[in-house]
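Comments concern the structure below.
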Amino acid sequence: MKILVCISHVPDTTTKVKFVEGNTKFDTNGVQWVINPWDELSLTRALELKDDAGAGVKSVTVAHVGNATTEPTIRKALAIGADDAIRVNAEPVDAYFVAAQLAEVVKKEQFDIIMFGIESSDYNNSAVGGMLAEFLNLPSVSAVSNLKIENGKAAITREIDGGKETVTVPTPFVAIVQKGIAKEPRIAAMRGIMMARTKPIRVYEPIAIEPLTEYVEFEMPKPRAACKFVDAENPKELIALLQNETKLI
Amino acid sequence: MTVLVYTENWEGKFKKLSFELVSYASKVAEMMATTTTAVTLGEVSDDELKVLGKYGADKVICLKNENLKNLDSQLYTNAIAQVAQAEGSKVIVIANNNSGKAIAPRLSVKLKAALGSGVSQLPLSLSPFTVYKRAFSGGAFAHVVLKTDTKIITLAQNSFDVVENIKDVKVEKVDIQVEAPQTAVKDVQKQSGKRLLTDAEIVVSGGRGMKSPDNWSPLVELAELLGAATACSRPVSDEGWRPPEEHAGQTGKIIAPNLYIAVGISGATQHIAGVSGSKYIVAINNDKSAPIFEVAQYGIVGDAQKVLPKLVEAVKELKGK
């Protein structure tokens, strides 16, 4: 069984978000870039499955769409334990563009399970995994909180409103994973970092695809009114404020 | 030309989310001077289908087939795409929930229709068609142009008010041909009797400041009195003090209730990212410099264990209990 983990390169979650060029572009100045947190958990689960001899996972490959400056993020995924990596050499213009590029990768190199985190922490679209599945006419399961392989078959737990379902789908399939898929992201050890230097990154040139969307402007959230403090000895006053001002209780 | 809205049903029933979606879709239809068609899949009674007419649906189509019983992203996408094509829909509105996220991206590729996801307002303009959405996990909002002839919008939950807009609604029930599903459901585990975190108007949430899993009863009591759902921060769920489905935050559930009461939560960036869409935030924390107070409108600086029982008393008094 071969697993492909698609990773996105995002600003560290503690980044102070700012924009430039008349609020049309994200200000990358001084930004620390990381593997998207959900993709990191997805990679961790793929590696756990590879460690489990019974699961029969032969290799874990990571794929990413980005220019050469994103290679440190890919090396990090290799240091954590991925066997090899693929980079499609293009700016990730929108979700449709990225999904189309990754679909080409999957067509060239066959995989049994293709994993995505539920969303990227920058554009929060939750779109690339489902789009890739449709490009390739593969089944996709979303909101996946557990993925096991038993006797060569995948057993998937997905979250539904107010509960969970255990489902199966035939391979190859796309799994879009979220909370629960792995407890903590795996951290690169020194040995992994050394080994990552020599692991292969295959670079593919992009295919021509017109994006369907364009981000034309960004704005900051409206500042919230300053916090009204109520004395800890008198929570009644808080209840009165909530009743009179918010009308919600 | 119509605006199509996919309204999920839960064992044949709609809920507030469905009415938000139809209200939103009918407003978009009004902007475009066209009509609204709602589509749902499975067994739903005529009376229930007609309810959508109260919120602006001109027509409701219910597609039936035994194979549509459980969510299969391909089959659902194909069914909705068929209706969209038959109705000549130029805009398709879907919820930004688990099932919406499973369907909308597939539909985008199938129809080659631009997808705007997590949209929280009416379109900013029709030409170019520009939507307003959350970005950078709540750190910003983006204006996104959807460049194709057909557009798909997933609407963020609780971002649009339910508006009555009574229509003389036409109901169509259609038996459709569907392939066998690839997704086989082996087992279902439902939480029973609990208010769903993603549906709740009020959420009471506890963090590490609660000190111990044994201290939760006043928080749960407060939630019950307010008709609220309970939530928690990541450390609390990681420690196993509360079940993982209660974790609200960037890597847990992203929620946007009308009122979010954070007790003993300092407000790490990742937590704020998951709750910043709430209309009002109340914070109770013993550290006045905790970042949660920067996003809260109401605050109490004090120890959760001491403040909570007093709050419970105050709410009991208010509700005359």
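The values are calculated or read from the model by the stated rules, or taken from the named source; none is laboratory data. Because the structure is a prediction, the values reported are computed rather than measured. Don't worry about glycine lacking a Cβ; one is built from the backbone with ideal geometry, like all the others, and counts go over all protein chains shown. Accessible surface areas use protein heavy atoms only, side chains included; no ligands, DNA or RNA. Shrake-Rupley method; radii C 1.70, N 1.55, O 1.52, S 1.80 Å.
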Worksheet item: Quick one: residue B:254 ticks every box in (1) out of contact with any strand residue (DSSP E or B) (no Cβ under 7 Å at 6 or more places or on another chain); (2) more than 9 Å from chain A (Cβ to nearest Cβ); (3) within 30 Å of residue B:140 (Cβ to Cβ) bar one, so which box is it?
Response: (2)
Worksheet item: Applying the selection to segment B:302-312, what residues are more than 31 Å from the chain's Cα centre (by Cα), within 7 Å of chain A (Cβ to nearest Cβ) and not charged (D, E, K, R)?
Response: B:302
Item to complete: Can you tell me which residue among B:278, B:192, B:237 is under 22 Å from residue A:228 (Cα atoms) and either assigned to a helix (DSSP H, G or I) or not assigned by TED's automatic domain parsing to the domain that holds residue B:155 (or both)?
Response: B:278
Discussion item. Quick check on this structure: which one of A:69, A:61, A:28 is closer than 18 Å to residue A:86 by Cβ, among the hydroxyl-bearing types (Ser, Thr, Tyr) and open to solvent by 50 Å² or more (accessible area, probe 1.4 Å)?
Written reply: A:69
Worksheet item: Condition test on residue B:75, is it in contact (Cβ under 8 Å) with a residue 12 or more places away in the chain, in the same structural domain as residue B:154 (by TED's automatic domain parsing) and not in a helix (DSSP H, G or I)?
Response: no
Worksheet item: For segment A:30-127, which fully contained helices (runs of 4 or more DSSP H) count at least 3 residues that are within 12 Å of chain B (Cβ to nearest Cβ)?
Response: A:37-51, A:95-108
Practice prompt. Taking residue B:105 as the residue in question, decide whether it is touching a helix residue (DSSP H, G or I) at 6+ places or on another chain (Cβ under 8 Å), of a type outside the set (Val, Ile, Thr), at pLDDT 95 or above and part of a helix (DSSP H, G or I).
Written response: yes
Response to the item:
Selection over segment A:219-249 where residues are open to solvent by less than 40 Å² (accessible area, probe 1.4 Å) and part of a strand (DSSP E or B) yields a count of 1
Fill in: Residue list for segment A:162-177, restricted to those being touching a Leu at 6+ places or on another chain (Cβ under 8 Å) and open to solvent by less than 40 Å² (accessible area, probe 1.4 Å)
A:162, A:173, A:174, A:175, A:177
Worksheet entry | Pick from segment A:128-155, criterion closer than 28 Å to residue A:54 by Cα and assigned to a loop (DSSP other than H, G, I, E, B), ranking: nearest to the other protein chains (Cβ to nearest Cβ) | A:139
Item to complete: For residues that are within 18 Å of residue A:242 (Cα to Cα) and open to solvent by less than 20 Å² (accessible area, probe 1.4 Å), tally how many sit in segment B:276-291.
Response: 6
Item to complete: Could you tell me which numbered condition residue A:195 fails, if it satisfies all but one of (1) within 22 Å of the chain's Cα centre (by Cα); (2) closer than 23 Å to residue A:63 by Cβ; (3) surrounded by 14 or more Cβ atoms within 10 Å (Cβ to Cβ)?
Response: (1)
Worksheet entry | Members of segment A:235-249 that are farther than 14 Å from residue B:296 by Cβ and either charged (D, E, K, R) or touching a helix residue (DSSP H, G or I) at 6+ places or on another chain (Cβ under 8 Å) (or both) | A:235, A:236, A:237, A:239, A:243, A:247, A:248, A:249
Item to complete: Go through B:110, B:69, B:64 for me and flag whichever is among the basic types (Lys, Arg) and either closer than 25 Å to residue B:200 by Cβ or within 23 Å of the chain's Cα centre (by Cα) (or both).
Response: B:69
Practice prompt. Can you confirm whether segment B:258-268 contains a residue that is within 20 Å of residue A:249 (Cα to Cα), surrounded by fewer than 23 Cβ atoms within 10 Å (Cβ to Cβ) and facing another protein chain (nearest Cβ under 9 Å)?
Written response: yes
Worksheet item: Restricting attention to segment B:42-52, which residues are at negative phi and in contact with a helix residue (DSSP H, G or I) (Cβ under 9 Å, 6 or more places away or on another chain)?
Response: B:51, B:52
Worksheet item: Any residue at all in segment A:229-240 that is in contact (Cβ under 8 Å) with a residue 12 or more places away in the chain and either of a type outside the set (Ser, Thr, Tyr) or farther than 27 Å from residue B:297 by Cβ (or both)?
Response: no
Response to the item:
Inside segment B:240-254, the number of residues satisfying the requirement of being assigned to a strand (DSSP E or B) and either surrounded by fewer than 22 Cβ atoms within 10 Å (Cβ to Cβ) or under 15 Å from the mean Cα position of the chain (by Cα) (or both) is 2
Worksheet item: Looking at A:164, A:183, which one is over 14 Å from residue B:106 (Cβ atoms) and more than 7 Å from chain B (Cβ to nearest Cβ)?
Response: A:183
Discussion item. Can you name every one of the strands (runs of 3 or more DSSP E) wholly within segment B:111-163 that holds 1 or more residues which are closer than 18 Å to residue B:255 by Cβ, within 10 Å of chain A (Cβ to nearest Cβ) and free of Cβ contacts under 8 Å to residues at least 60 places away in the same chain?
Written reply: B:114-119, B:129-135, B:140-146
Worksheet item: If residue A:203 satisfies every condition in (1) surrounded by fewer than 21 Cβ atoms within 10 Å (Cβ to Cβ); (2) facing chain B (nearest Cβ under 8 Å) but one, which is the exception?
Response: (2)
Discussion item. Being surrounded by 13 or more Cβ atoms within 10 Å (Cβ to Cβ), more than 22 Å from the chain's Cα centre (by Cα) and either assigned to a loop (DSSP other than H, G, I, E, B) or at the interface with chain B (Cβ under 9 Å from one of its Cβ atoms) (or both) is the requirement here; does residue A:210 meet it?
Written reply: no
